[in-house]
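Here the structure comes first, spelled out in structure tokens, and everything after it is commentary.
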Amino acid sequence: MRRIQSQINTNSADFKQFKEHNLKIIAEFKQKQHDARYTRPDRDLQRLKKQNKMMPRDRLELLLDPGTPFLEFSSLAANMAYDGKVPSASCITGIGIVGGREVVINASDSSVKGGAWYPLSVKKIVRALDIAIENRLPVIHMCDSAGGFLPMQSDLFGDKYMAGRMFRNQTQLSKLGCKQLSLVFGHCTAGGAYIPGLSDYSVIVEGTGAVFLGGPPLVKAATGEDVSVDDLGGARMHTTISGVCDYYANNEPEAIAIGREIVMQWEQPKKFDIQRETPEDPYYDPTDLYGIVPDDIKKQFDVREVIARIVDGSRFSEYQPNYGETMVCGFANIWGYKVGILGNNGVLFNDSSLKAAHFMQLCNQNHVPLVFLQNITGYMIGKEYEQRGITKDGAKMLMVQACSEVPKFTIMTNGSFGAGNYGMCGRSFDARTLFSWPQSQISVMGSDQAANTLVTIKVAQLKRQGMDPDAQQLEQVRAEVLSNYENQTSAYYTSSEIWDDGIIDPVDTRNALGISLTASLNAPFGDPRYGVLRL
Amino acid sequence: MQPKYLLNDNSHTVTPVRRNDTVTLSIDDQLVTVGYRRLNSHEAELTLKGKVRTVYVAQDEYKLYLHLDGKVWQLDRLNEFSEGSAGGASSGSINAPMPGVVIEIYSEVGQTVTQGDTVMLIESMKLQTEIKASISGVIQSIGVEPGSNFNKGILLAEIEAEETNTESEE
């Protein structure tokens, strides 16, 4: 495979300007992420200390194999919800290594609102368990949650993908043979009791850990019975009388040590065999990405320059290099694993859509996982393209993409607008993992276009009310609309709502894809099969 | 068909025959077995007839420069069947690739441009696209103005090739 010849001049004015612009964005992102992980009101820290509990991230550090990577999901979940007071949606999820085995972690963050489940917490946990199901990974639950946040119960309880889905997913995991271990650090009350209850293994900590369907106050109210926490659902009771939990631990570190020992008894999974070479670092420096991504979403960049900074040896075997050139397709290796990459170099035309569809068929035929690098403003519109059936060709691309049996991974590198989001494996299309770069944007149309449309509507409204806005007023209306729209278009909003699995620094893209890829090989690949293609 | 390579202007036919720990190549119908181990992106270990040597590699477009035993070798793949780029010869006419609007024009009539220079910036489908000179030469005409809308296919700019004394003139 030939190395990509980069055309980037790292001394050019554009490069320097873009780099300065992007480094500011990265610094802001890193700060937000750090705050979400570690900045807590003092009273929450004191409360944990008083209860003799460890900080959730310290527990995680003890649990994971030292020096191994942890691919954290949605660290900025809920960053724009609940007045920003529920960082990371009060839970920590991700893929980590325990005893040499890949596991999904679902840890309550009891330093945030006692680990209470907000609607977005439930969404984040359900997503983590979906990832476990799709990739056939075991799960370790680190339970220390106050349970559902009652004032918002109607937004987290009744519907198909709400709280019940966590337990439903647990049952499906077990049915698939994916092991689950619960470490009970705090109270698991009501629904929460089912997390250890549905796990194959559980460890409970003396004093702080408890499992019951109804806590002492509820028992008192319902039946008049007076009972202590320990007698009702404490560590001693559950490991000697009820059998709800398997192992008794004197304290948290001991519970984690027992947990690690349990995991190390599990069989080592056999992975699906795909083509693999010896891994090699990219030839071009990944930090160049800061100078490649422009300072304006409308400015174009060559996606090959991005590929050159993600793949092994910057080597890329391009497919149909002179056909449908706005869609760049080709083969490369990431951490040694052979992948098929689809990246955008402009709008999707008829030919570019057909090229993508054909390329994805090749990848399915050859068991090659797909990587989508989204920077797409949509499918081309206009009379000529409609007459040539752009809808049919876009539908073919969608059909093949959605029916792909090989694992898919999506990176939002810049813009993701309109149907382009769908075609390039947006959130609805089951990418095994989907990460966003901090400056990326998602919306049904570009913010300028949306603002213009919304301003036209607003002006018509004002005129109907007998007002005639002058230029200055118009500009004010426009700025207001634009700011609102841009807020909801930003990667922070995307990540807050868990439309992705987290924001990542572009230089971490290769590693995030590497961990996602190796995790995906725990599930077998199916044989290619599609629906009806409108030819 | 077997691929041909140019090594310092001498053509050789090379085909891999077997590949396991070592690679067996057929070079001009002679079988040669070599071991090759990449050390990093520039350096590799070459084992030939039991002797281990270090080779340094640098790539420039499609040419490879190899440094071995104090000598530099230039290796290029010989393309017997298609000469030049797959896109065919470029013309000096730059036509609009899609409908859009002109954002900025960077060149003027009479200006000399090099192939790949940005002639103008257009916007279509929320995306700005740089329109580049298809050949080197002198700009003969520019068919649009900043801010103007255009349809697909219209002539955005025309460049006349620099070298007017070649066969193309005849």
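The values are calculated or read from the model by the stated rules, or taken from the named source; none is laboratory data. Quick caveat: nothing in here was measured; it's all calculated off a predicted structure. When we count neighbours, we look across all protein chains shown, and the Cβ atoms used for this are built from the backbone with ideal geometry, even at glycine. To get the accessible areas, we keep the full protein, side chains included, count just its heavy atoms, and leave off ligands, DNA and RNA. Shrake-Rupley method; radii C 1.70, N 1.55, O 1.52, S 1.80 Å.
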(request) Any chance you could count how many residues in the stretch B:101-150 are within 14 Å of chain A (Cβ to nearest Cβ), not in a strand (DSSP E or B) and not hydroxyl-bearing (Ser, Thr, Tyr)? (result) 5
(message) Among the residues that make up the stretch A:170-184, is at least one of them in a loop (DSSP other than H, G, I, E, B) and either β-branched (Val, Ile, Thr) or touching a strand residue (DSSP E or B) at 6+ places or on another chain (Cβ under 6 Å) (or both)?
(response) no
(message) Condition first: free of Cβ contacts under 8 Å to residues at least 40 places away in the same chain and in contact with a helix residue (DSSP H, G or I) (Cβ under 7 Å, 6 or more places away or on another chain). Now tell me which residues in the stretch A:409-427 satisfy that.
(response) A:Tyr422
(request) Would you tally the residues in the stretch A:57-116 being of a type outside the set (Gly, Ala, Ser), part of a strand (DSSP E or B) and within 25 Å of A:Pro438 (Cα to Cα)? (result) 10
(request) Check the stretch A:112-125 and report whether any residue there is surrounded by 21 or more Cβ atoms within 10 Å (Cβ to Cβ) and farther than 17 Å from A:Cys91 by Cα. (result) no
(request) Enumerate the helices (runs of 4 or more DSSP H) found wholly within the stretch A:186-267, keeping only those where 1 or more residues are over 29 Å from the mean Cα position of the chain (by Cα) and surrounded by 15 or more Cβ atoms within 10 Å (Cβ to Cβ). (result) A:216-223, A:229-233, A:252-265
(request) Determine which single condition A:Asp14 fails, assuming it passes every other condition in (1) outside any loop (DSSP other than H, G, I, E, B); (2) in contact with a Phe, Trp or Tyr (Cβ under 9 Å, 6 or more places away or on another chain); (3) within 14 Å of another protein chain (Cβ to nearest Cβ). (result) (2)
(message) Let me spell it out: the conditions are (1) in contact with a helix residue (DSSP H, G or I) (Cβ under 7 Å, 6 or more places away or on another chain); (2) farther than 20 Å from A:Cys178 by Cα, and A:Asp58 meets all of them except one. Which number is the exception?
(response) (1)
(request) For A:Ser154, indicate whether it is assigned to a helix (DSSP H, G or I) and surrounded by fewer than 20 Cβ atoms within 10 Å (Cβ to Cβ). (result) yes
(request) Starting from the stretch B:101-129, take each residue that is outside the structural domain of B:Glu160 (by TED's automatic domain parsing) and list its partners that are open to solvent by 40 Å² or more (accessible area, probe 1.4 Å) and at pLDDT below 95, counting only C-beta distances under 6 angstrom and pairs at least six apart or across chains. (result) none
(request) Looking for whichever is at pLDDT below 90, within 14 Å of another protein chain (Cβ to nearest Cβ) and more than 29 Å from the chain's Cα centre (by Cα) here; the options are B:Asp21, B:Asp60. Which one fits? (result) B:Asp21
